Amino acid sequence: MAESNQTIDGNLLAAKSLAHFGVDHMFGVVGIPVTSFANRAVSLGIRFIAFHNEQSAGYAASAYGYLAHRPGVLLTQNDVGRGDFQELDQIEAVKPFSKFSVKAKHVSDIPKAVAQVLHWASSGRPGGCYLDLPTDVLHQTISNSEAETLLSEAETFINKTTETPNLIRNVSDIEQTVSLLRNAKRPLIVFGKGAAYSRAENELKKLVETTGIPFLPTPMGKGLVSDTHELAATAARSLAIGKCDVALVIGARLNWLLHFGEPPKWSKDVVFILVDVSEEEIELRKASVNVGVGLVGDAKCVLEIVNKAIKDEPFCLGKSHPWVEELAKKAKDNVVKMEVQLAKVVVPFNYYTPLKIIRDAILGVGSPAPVVVSEGANTMDVGRAVLVQTEPRTRLDAGTWGTMGVGLGYCIAAAVAAPERLVVAVEGDSGFGFSAMEVEV
């Protein structure tokens, strides 16, 4: 009874809430007024990784979430009292940039607020959420018994709002998908980071090998099916997207990385089958490209259904199919040309000489394959062609936003999320300069 009447402050309640909902790593820069909160979190078993720069810590939290398949938490300093940042409406300031944002206005709000941001961060398409814990709220106190009640209520909220994986609404959509692929003369499978996050590699490989359809990964989709697979079209990318007549795009946005799905890079007659967890994304693309079918759902779940439908009425292009042969020949020719460049030892170095050394060293490691973090302009672009990914989620780069400075934060996150793997940073000099101090972390 005496213990239940004891009080705890908002710092400890916030730390308890994070631990209660499974958070075991946190990234950030500790300073007043969040030092007490960080110390409470560490005392509860949450590992805190301290950075020199909050930007790098944010990148690390993002990459950790992607690799660990759960929210990565960034702790950043909040306000220091009235008259300072606390009187700035931080929620309104971050709304345009966050998927969900909430402010705890009283210590009793903390457990549900923590539950909400963790839920929204990982539901549907994962995205950044913002939780504001003002200093005065962190200093407020409640009884232990009330804290336990609030945690239980927050858990009930999570259980009620947790989404089941999206299911295909119309069987006809699956039938139309299979029909389009079956009847296409030049089909192509494109997959990206969303498929990687979904852990869809087994389903993807089954689809590729069952149908014999060539595939093209986006940069962070590389490795879901090995770059060395005979149906990989990466080395014939321009030909693949320029001539395909049906493109099944799985967990990849038709953004700048894929030339928005538009001519002249893509054929004006190409029909897209879009698989995305976000219906909004599919509807957005319908305004600019020919979307034959939009399948809303988790990539892994959708591919399981597609594979089952194909199994019932199987088809396979075969190695002698004209499209497969055309892509294979182009890919082989381009690889030979690249190897000629890579064989030249150029001093002072060009991009190819060091990247060949790095590529061969990475391949020599074997399995588990290292995680390669690449950033910069030419370093990243040339590296996408030279460096080989043979296993899922082993490439991290600037991706969708093309942001400089992600390298060291991503490296640290990869080392934390995948301690069994070597982590290799392939950095352009300018990119490295953005976050070089994080080497000390």
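Only residues in the stretch 132-143 that are assigned by TED's automatic domain parsing to the domain that holds residue 15 count as the first member; pair them with residues that are in a helix (DSSP H, G or I) and charged (D, E, K, R), Cβ under 8 angstrom, at least 6 apart or cross-chain, and list the lot.
137/109
Identify the single condition in (1) surrounded by fewer than 24 Cβ atoms within 10 Å (Cβ to Cβ); (2) at pLDDT 95 or above; (3) not in a loop (DSSP other than H, G, I, E, B) that residue 392 does not satisfy, given that it satisfies every other one.
That leaves (3) as the condition not met.
When residues of the stretch 379-389 are filtered for being assigned to a loop (DSSP other than H, G, I, E, B) and out of contact with any Lys or Arg (no Cβ under 9 Å at 6 or more places or on another chain), how many remain?
0
If you check every pair at least six apart or on different chains, which have Cβ atoms under 6 Å apart with a residue in the stretch 45-69 that is under 18 Å from residue 425 (Cα atoms) first and a residue that is of a type in the set (S, T, N, Q) and outside any strand (DSSP E or B) second?
Final answer for the pair search is 56/435.
Got a sec? Which strands (runs of 3 or more DSSP E) wholly within the stretch 205-302 have at least 3 residues that are in the same structural domain as residue 188 (by TED's automatic domain parsing) and β-branched (Val, Ile, Thr)?
The strands (runs of 3 or more DSSP E) meeting that bar are 246-250, 271-276, 291-296.
Keeping to the stretch 191-212, report how many residues are touching a Leu at 6+ places or on another chain (Cβ under 6 Å), under 20 Å from residue 325 (Cβ atoms) and in contact (Cβ under 8 Å) with a residue 60 or more places away in the chain.
Residues meeting the conditions: 1.
Quick check: anything in the stretch 364-378 in a loop (DSSP other than H, G, I, E, B), more than 14 Å from residue 63 (Cα to Cα) and hydroxyl-bearing (Ser, Thr, Tyr)?
Yes; the residues of the stretch 364-378 include at least one that is in a loop (DSSP other than H, G, I, E, B), more than 14 Å from residue 63 (Cα to Cα) and hydroxyl-bearing (Ser, Thr, Tyr).
If you check residue 403 against the conditions, is it surrounded by fewer than 18 Cβ atoms within 10 Å (Cβ to Cβ), over 16 Å from the mean Cα position of the chain (by Cα) and of a type in the set (Val, Ile, Thr)?
No: the conditions fail for residue 403.
Search the stretch 88-105 for residues being part of a loop (DSSP other than H, G, I, E, B) and touching a Gly at 6+ places or on another chain (Cβ under 9 Å), and hand back the single one that is farthest from residue 135 (Cα to Cα).
Step by step, filter the stretch 88-105, then rank; the result is 99.
Do you know which residues across the stretch 205-237 are at pLDDT 95 or above and touching a Lys or Arg at 6+ places or on another chain (Cβ under 7 Å)?
Listed by number, the residues that qualify are 216, 218, 221, 222, 223, 225, 236.
Could you tell me whether the stretch 284-299 includes any residue that is out of contact with any Cys (no Cβ under 9 Å at 6 or more places or on another chain) and exposed (fewer than 12 other Cβ atoms within 10 Å of the Cβ)?
Yes, that holds for at least one residue.
Can you tell me which residue is surrounded by the most Cβ atoms within 10 Å (Cβ to Cβ) among those in the stretch 233-248 that are without any contact (Cβ under 8 Å) to a residue 60 or more places away in the chain and either of a type in the set (Gly, Ala, Ser) or closer than 19 Å to residue 200 by Cβ (or both)?
Taking the candidates together, the pick is 242.
Within the stretch 23-50, work out how many residues are at pLDDT 95 or above and either assigned to a loop (DSSP other than H, G, I, E, B) or not assigned by TED's automatic domain parsing to the domain that holds residue 155 (or both).
5
What tally of residues in the stretch 420-435 results from selecting those that are in contact with a Ser or Thr (Cβ under 8 Å, 6 or more places away or on another chain) and in a loop (DSSP other than H, G, I, E, B)?
Qualifying residue count for the region: 2.
The values are calculated or read from the model by the stated rules, or taken from the named source; none is laboratory data. It should be emphasised that the depicted structure is a prediction, and the values quoted were computed from it without experimental measurement. Methodologically, a virtual Cβ is constructed for each residue, glycine included, from the backbone with ideal geometry; neighbour enumeration extends over all protein chains shown.
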